[in-house]
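Trainee: What follows is a structure written as structure tokens; I'll ask about it next.
The values are calculated or read from the model by the stated rules, or taken from the named source; none is laboratory data. This structure is a prediction, so every number in the text was calculated from the model and none was measured. Every residue, glycine among them, receives a Cβ derived from its backbone with ideal geometry; neighbour counts consider all protein chains shown. Accessible surface is based on the protein model in full, side chains and every heavy atom, while ligands, DNA and RNA are left aside. Shrake-Rupley method; radii C 1.70, N 1.55, O 1.52, S 1.80 Å.
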Amino acid sequence: MDLTRRRWLRLTAYALALPGASDFFTAWLKAAGPHDQHYAPPDPGLLKDYVPKFFDAADFAALEAFTAILIPTDDTPGAREAKCAHFIDFLLSSATGFDTRSQDQWRAAMKALRETGFHAADAKGRDEIVAAMARPERERGATHPAYFVYRLVKQQNAFAFYTSRAGMIEALDYRGNSFNVTFPACDHPEHRTV
Amino acid sequence: MKTYDAIIVGSGACGGWAAMELTKKGMDVLMLEAGAHVDPSKDFHHRFLYELDYRGQGAPGLVRRYSGSERNYKIMIDDVENPYTTSPETTYRWGRSRCLGGRTLHWARATDRMADYEFKAASRDGYGMDWAVSYADMKPYYDRIESFVGVSGAYENLPQFPDGVFLPAMPLNCAETIFTAASRSLGWPSTHRRLSQLTRPHNGRPACHYCGNCVNGCDVGAMFNPIAVTLPPALATGKLEIRTDSVVARVRMGKENRAQGVTYIERATKTAVDVDATWVILAASTLENTRLLLLSEKGGLANSSGLLGHYMMDQVGGGGVTGILPKLKGGPARLDDGKQAGITIPNFQNIDAKTQRKEFIRGYVMNATGGQTEFPQFAANVPGYGSEWKKEIKSRYVAQARVWNAGAEMLARKENLVELDPEVKDAWGIPVLRIHFTHGDNDYKLIEDFQQRAEELFRKAGGEVMPGPVSPAGFPGGPGAPDSRPPASGTRGGEPSALSAMEAPRRRRPLGGSIHESGTARMSVDPREGVLNSYCQTHDIPNLYVFGGNAFPSTGDKHPTLTMMALAARGCDHLLAKTK
């Protein structure tokens, strides 16, 4: 949409009449510029100095390594930068008194993971263990006693990663939650026929 | 004690409209709201999930207490303070809010007119009862409300989906464009969702800025809600007094069969307060209105018909398809979810003799959208891990697609009812509702048919079906939505996945709802057949009106808010005429 000076003035007048107008309009004006990722505020650092409370040191280190294998750092950040293991620990420690079922499930999962030898394995060995654990996901008939651990960590890791700034903004380039002058219409003629 | 001209109980869509209409005509009005005051400039902010401690899920204690998300639970209801009970066979979940503005602070904004094929459905197919109004009766009020609140939409000239007074429609994103083409190639009608969401400045309010936060409270008033739209002009008259945190316990009767006023309890002090008025309007939401009538007299106030509480309905929810549109896979990131909209495929069956189906009566409306969302719910369902998996997630992320049921008509049955629970009381000692609610055979058949059509549309669009949540973020059942719940319950909030939904009708698993409850004090021409007349005035008590979905003799297949407001506006005209 072309914004004429007259239209800008009219919009400004409308917006300034509202409570909280200055904050809103400042952000909106910024959004009228070329799009980049700066509209998304920086990570507030909720987990920056977080010390694990639910898992012991060995289990936490294993979980952190596991999450990084599932969502590695490559051309975009991975689970390590997103502090996925920290977030999982935070959720589970917060569940005390509310959700002992989830806590028991994760304790059982970490016990099963330890029994696979994951905790003691080197990097190559850990890759091999995860590959074996994940096989039932793709191969019909395949089984693994710790497959449930793989599924549990994958599910919570995916949530932790894609709700972090690293996952949502840096990996996926989410555009919403922003101030926009117009809604971008589909501009692909090929989408108008099936 | 001061006697107000009118007391309005509730500040939602209907209460807010009534307050504006009556104060503009010079009436002194007292509005009583059970919930807290809400200030958009302080209470509503854009916040990314990573800025929230629990990434939108809420702290464990809060999750149990409120039906909302971490962003919007403060504009929901505290379920611990405000319980309700259900009969053993009932799976219904009552979605509620208690705050100034009510549920319109987080509603889906769908603003559809009902048509005569809904108002007069009983005459056509023989089931239930016709409404005591026709489209011709309602049209002036639809016009009035749409003109004031601002509704974006496109003109289609479909008799079953009457056009209104529209602002420009919002543009379609790529997925919606593809679904539109698919729908038309199937010979089905299709249009932009009609929403009370401004596409240009209107009546002193700014246009939508497409942030996608509608269900978390609009920070600028670009979507309709009373605190942005109807209450400011009402307050500007100097004739409106609003008391929040005031829990109304009953309507008090006076002499000569007239309501004298109400008794409310101050939330914090639990002190009972009596207030009097010439006119009493209940606009506290459908089931709360009925609860108040039941609380006000043994056997229920205004219940000479014996039908108060009966014929409870909610449009049938559930079903749907989710997956990806391969045409969009791997494309660039786009702002796809900023308008929280989609396309609407109006009902095209059972609207006349030509489209009549043998298997079921009535119909449903389909919605579809797609593209980028705040969180890729499908991610954990994609096999694999590692960098290739990450690339696959990103590739599918922009190609997400969903078809969902916007609300199917639920047939009215007398045995679906609300009554007072004989034992359970709320935090203020007021008896709560006990709900008896099940779905009938026709309801299941409608959803079965919807599921088949939804899959047909999806296939025509070239979509690949994937199991996963059906409702998109911001819509009922979707993540962050008021009624979102962890999956697996099989009922609303935990709406079934596409696969489980397909199996649902065969297994007769409980169906979902749409937070569109209606009935329980239906309108009728004959006072023996209903509680309200066509103006939503009780048949029994001339100065008592009930605004909300109570009057509906049938749900129709449209979103109900606009029709509730139109009935309220019509009722206000009736009331004002009586004061002359």
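Trainee: So how many residues does the range A:115-128 have that are over 12 Å from residue A:145 (Cβ atoms), of a type outside the set (Gly, Ala, Ser) and open to solvent by 90 Å² or more (accessible area, probe 1.4 Å)?
Mentor: Counting residues in the range A:115-128 that are over 12 Å from residue A:145 (Cβ atoms), of a type outside the set (Gly, Ala, Ser) and open to solvent by 90 Å² or more (accessible area, probe 1.4 Å) gives 3.
Trainee: In the range B:152-187, what count of residues is obtained for those that are within 25 Å of the chain's Cα centre (by Cα), in a loop (DSSP other than H, G, I, E, B) and under 23 Å from residue A:190 (Cα atoms)?
Mentor: Qualifying residue count for the region: 6.
Trainee: Here's a follow-up. As an exercise: evaluate residue B:127 against (1) touching a Gly at 6+ places or on another chain (Cβ under 9 Å); (2) surrounded by fewer than 22 Cβ atoms within 10 Å (Cβ to Cβ) and give the number of the one condition it does not meet.
Mentor: Tallying (1) touching a Gly at 6+ places or on another chain (Cβ under 9 Å); (2) surrounded by fewer than 22 Cβ atoms within 10 Å (Cβ to Cβ), residue B:127 fails exactly one: (1).
Trainee: Also, quick follow-up: Do you know which of the residues in the range A:129-145 that are surrounded by 13 or more Cβ atoms within 10 Å (Cβ to Cβ) and not aliphatic (A, V, I, L, M) is nearest to the other protein chains (Cβ to nearest Cβ)?
Mentor: A:137
Trainee: Which one of these is farther than 30 Å from residue B:442 by Cβ, touching a strand residue (DSSP E or B) at 6+ places or on another chain (Cβ under 6 Å), open to solvent by 30 Å² or more (accessible area, probe 1.4 Å) and without any contact (Cβ under 8 Å) to a residue 60 or more places away in the chain: B:169, B:154?
Mentor: B:169
Trainee: Could you list, in sequence order, the residues of the range B:412-443 that are under 26 Å from residue B:122 (Cα atoms), open to solvent by less than 20 Å² (accessible area, probe 1.4 Å) and in contact with a strand residue (DSSP E or B) (Cβ under 9 Å, 6 or more places away or on another chain)?
Mentor: B:412, B:416, B:418, B:435, B:437, B:443 - these are the residues of the range B:412-443 that are under 26 Å from residue B:122 (Cα atoms), open to solvent by less than 20 Å² (accessible area, probe 1.4 Å) and in contact with a strand residue (DSSP E or B) (Cβ under 9 Å, 6 or more places away or on another chain).
Trainee: Quick one: residue B:333 ticks every box in (1) within 26 Å of residue B:214 (Cα to Cα); (2) assigned to a loop (DSSP other than H, G, I, E, B); (3) touching a helix residue (DSSP H, G or I) at 6+ places or on another chain (Cβ under 6 Å); (4) touching a residue at least 40 places away in the same chain (Cβ under 8 Å) bar one, so which box is it?
Mentor: If we test residue B:333 against (1) within 26 Å of residue B:214 (Cα to Cα); (2) assigned to a loop (DSSP other than H, G, I, E, B); (3) touching a helix residue (DSSP H, G or I) at 6+ places or on another chain (Cβ under 6 Å); (4) touching a residue at least 40 places away in the same chain (Cβ under 8 Å), just (3) comes out false.
Trainee: Among the residues of the range A:146-165, which ones are open to solvent by 10 Å² or more (accessible area, probe 1.4 Å) and closer than 29 Å to residue B:172 by Cα? Walk me through how you get there before you give the answer.
Mentor: Taking the range A:146-165 and keeping what is open to solvent by 10 Å² or more (accessible area, probe 1.4 Å), we get A:147-148, A:151-152, A:155-156, A:159, A:165.
Answer for the range A:146-165, where residues must be open to solvent by 10 Å² or more (accessible area, probe 1.4 Å) and closer than 29 Å to residue B:172 by Cα: A:159, A:165.
Trainee: What is the one condition in (1) within 14 Å of chain A (Cβ to nearest Cβ); (2) among the β-branched types (Val, Ile, Thr); (3) touching a helix residue (DSSP H, G or I) at 6+ places or on another chain (Cβ under 6 Å) that residue B:38 does not satisfy?
Mentor: For residue B:38, the exception is condition (3).
Trainee: How about the range B:181-206: which of its residues are within 8 Å of another protein chain (Cβ to nearest Cβ) and surrounded by fewer than 23 Cβ atoms within 10 Å (Cβ to Cβ)?
Mentor: If the condition is that a residue be within 8 Å of another protein chain (Cβ to nearest Cβ) and surrounded by fewer than 23 Cβ atoms within 10 Å (Cβ to Cβ), then B:181, B:185, B:201, B:204 are the ones that fit.
Trainee: Just one of the numbered conditions (1) free of Cβ contacts under 8 Å to residues at least 24 places away in the same chain; (2) open to solvent by less than 20 Å² (accessible area, probe 1.4 Å) is not true of residue B:400; which one?
Mentor: So the condition that residue B:400 fails would be (1).
Trainee: Every residue in the range B:279-312 that is open to solvent by 60 Å² or more (accessible area, probe 1.4 Å) and in contact (Cβ under 8 Å) with a residue 24 or more places away in the chain, please.
Mentor: Let us first name the residues in the range B:279-312 that are open to solvent by 60 Å² or more (accessible area, probe 1.4 Å), namely B:297-298, B:304.
Result: B:297, B:304.
Trainee: Suppose we filter A:63, A:70 for residues that are open to solvent by less than 60 Å² (accessible area, probe 1.4 Å), closer than 30 Å to residue B:391 by Cβ, of a type in the set (A, V, I, L, M) and facing chain B (nearest Cβ under 9 Å); which single one remains?
Mentor: On inspection, the qualifying residue turns out to be A:70.
Trainee: Hey, among the residues in the range B:252-278 that are of a type outside the set (Ser, Thr, Tyr) and not in a strand (DSSP E or B), which one's least open to solvent (accessible area, probe 1.4 Å)?
Mentor: Looking at residues that are of a type outside the set (Ser, Thr, Tyr) and not in a strand (DSSP E or B), I get B:254.
Trainee: Ok, one more. Could you list, ordered by first residue, the pairs with Cβ atoms under 6 Å in which the first is in the range A:162-183 and touching a residue at least 24 places away in the same chain (Cβ under 8 Å) and more than 7 Å from chain B (Cβ to nearest Cβ) and the second is among the small types (Gly, Ala, Ser) and surrounded by fewer than 23 Cβ atoms within 10 Å (Cβ to Cβ), at least 6 apart or interchain?
Mentor: Note: pairs meeting the criteria are A:169/A:40; A:181/A:32.
Trainee: Next up: Within the bounds of the range B:238-251, is there any residue that is modelled with pLDDT of 95 or more, part of a loop (DSSP other than H, G, I, E, B) and either out of contact with any strand residue (DSSP E or B) (no Cβ under 8 Å at 6 or more places or on another chain) or open to solvent by less than 10 Å² (accessible area, probe 1.4 Å) (or both)?
Mentor: Within the range B:238-251 (the criterion being modelled with pLDDT of 95 or more, part of a loop (DSSP other than H, G, I, E, B) and either out of contact with any strand residue (DSSP E or B) (no Cβ under 8 Å at 6 or more places or on another chain) or open to solvent by less than 10 Å² (accessible area, probe 1.4 Å) (or both)), the answer is yes, since at least one residue qualifies.
Trainee: Continuing with the same structure: Please identify the pairs in which a residue from the range A:71-86 that is over 14 Å from residue A:156 (Cα atoms) has its Cβ atom under 7 Å from the Cβ atom of a residue that is among the small types (Gly, Ala, Ser) and open to solvent by 30 Å² or more (accessible area, probe 1.4 Å), counting only partners at least 6 apart or on another chain.
Mentor: A:72/B:387; A:74/B:387
Trainee: Does residue B:222 meet the test of being farther than 21 Å from residue B:563 by Cβ and over 23 Å from the mean Cα position of the chain (by Cα)?
Mentor: Judged against the criteria, residue B:222 is not a match.
Trainee: Same structure again: Which residue is nearest to the other protein chains (Cβ to nearest Cβ), if the candidates are limited to the range B:136-176 and must be within 19 Å of residue B:224 (Cα to Cα) and aliphatic (A, V, I, L, M)?
Mentor: Selected residue: B:170.
Trainee: Does residue B:224 satisfy the condition of being in contact with a Lys or Arg (Cβ under 8 Å, 6 or more places away or on another chain) and surrounded by 24 or more Cβ atoms within 10 Å (Cβ to Cβ)?
Mentor: yes
Trainee: Within the range B:336-347, can you find the residues that are out of contact with any Pro (no Cβ under 6 Å at 6 or more places or on another chain), away from chain A (no Cβ under 12 Å) and in a loop (DSSP other than H, G, I, E, B)?
Mentor: Start the filter on the range B:336-347 by keeping residues that are out of contact with any Pro (no Cβ under 6 Å at 6 or more places or on another chain), which leaves B:336-345, B:347.
Filter once more, keeping what is away from chain A (no Cβ under 12 Å): B:342, B:344-345, B:347.
The answer is B:342, B:347.
Trainee: Picking from A:46, A:3, which residue would you name as being facing another protein chain (nearest Cβ under 8 Å), modelled with pLDDT under 95 and either assigned to a loop (DSSP other than H, G, I, E, B) or on the phi > 0 side of the Ramachandran plot (or both)? Even if it seems obvious, please write down each step before you answer.
Mentor: On the way: A:3 fails: facing another protein chain (nearest Cβ under 8 Å).
Going through A:46, A:3 in turn, the sole match is A:46.
Trainee: Being at the interface with chain A (Cβ under 8 Å from one of its Cβ atoms), out of contact with any Lys or Arg (no Cβ under 8 Å at 6 or more places or on another chain), among the basic types (Lys, Arg) and over 26 Å from residue A:183 (Cβ atoms) narrows it down to one residue among B:390, B:358; which is it?
Mentor: B:390
Trainee: Quick check on residue B:348: is it open to solvent by 10 Å² or more (accessible area, probe 1.4 Å) and closer than 22 Å to residue B:316 by Cβ? Full working, then the answer.
Mentor: Values: open to solvent by 10 Å² or more (accessible area, probe 1.4 Å): yes; closer than 22 Å to residue B:316 by Cβ: yes.
When the stated conditions are applied, residue B:348 passes them.
Trainee: Going through the range A:39-70 one residue at a time, which ones are among the acidic types (Asp, Glu), without any contact (Cβ under 8 Å) to a residue 60 or more places away in the chain and under 17 Å from residue A:162 (Cα atoms)?
Mentor: Once the filter is applied, which keeps residues that are among the acidic types (Asp, Glu), without any contact (Cβ under 8 Å) to a residue 60 or more places away in the chain and under 17 Å from residue A:162 (Cα atoms), the range A:39-70 yields only A:64.
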